[in-house]
Every structure is written in structure tokens, then in C-alpha cells.
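Enquirer: I'd like to ask you about the structure that follows.
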Amino acid sequence: MQIDLAAFADYALNTFDYSELFEEDAFSVNFEGTKVYVERHRSYFKLEIADEHLQLPRF
């Protein structure tokens, strides 16, 4: 299943660093009905979506 990566990037950058709900360095979220595993690193988020592995830069 695919998700809108631009929409997810906007969600991630505006939510993960600003919400006390995402204080762990690794967690999963449901986005557009798809489970996304997230690892928070200093300069990027590592994402696993099904069998796909991506990096989302943190600004």
C-alpha cells in the first residue's frame, strides 16, 4: 500500500518533534490506513512502510 509521502512528511515534521505522544526514539503510527514504523535520528527519520525503507530529513 502506498501513502502520500509529501503529506506524511508534512505530518511528521509538524507532529513528531512537537507532541509528547512521540517521545520515544522508535514508534509506529497509522497514516492513511497504513502502519508506518519510525525511528527518530538526529538529522532524519528512518521510515519503514511495508517492505520499503526511506529516510526523511529533519530540518
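Enquirer: How big is the dipole moment of the chain about its Cα centre under a simple scheme where the beta carbon of each Lys and Arg is +1, that of each Asp and Glu is -1, and everything else is neutral? Debye, nearest 20, please.
Expert: Computed about the Cα centre, the dipole is about 160 debye.
Enquirer: So what's the net charge close to Pro57: Lys and Arg +1, Asp and Glu -1, counting the other residues with Cβ under 12 Å from its Cβ?
Expert: Spelling it out: positives minus negatives among the neighbours equals +3.
Enquirer: How much net charge surrounds Glu48 when only other residues with a Cβ under 11 Å from its Cβ are counted (Lys, Arg +1; Asp, Glu -1)?
Expert: Numbers: positive: Lys35, Lys46; negative: Glu39, Asp51, Glu52.
So the environment of Glu48 carries a net charge of -1.
Enquirer: OK, next. Which one is right for this structure if P(r) over Cα pairs in 5 Å bins from 0, in percent is calculated from it: [x] 4, 20, 30, 22, 13, 7, 3, 1; [y] 4, 18, 22, 20, 18, 10, 5, 1; [z] 4, 18, 35, 29, 11, 2?
Expert: Answer label, from the structure shown: [z].
Enquirer: Tell me the net charge near Glu39. Cut-off is 13 Å between Cβ atoms, Glu39 excluded, with +1 for each Lys or Arg and -1 for each Asp or Glu.
Expert: Overall, the nearby charge balance is +1.
Enquirer: Can you work out the FRET efficiency for the pair Glu52 and Glu32, with r the C-beta to C-beta distance and R0 = 22 Å, to the nearest 0.05?
Expert: 0.95
Since every read-out is calculated from the coordinates, none of them should be taken as a lab result. Quick caveat: nothing in here was measured; it's all calculated off a predicted structure. Here the Cβ is made from the backbone with ideal geometry for all residues, glycine too, and neighbour counts use every protein chain on show.
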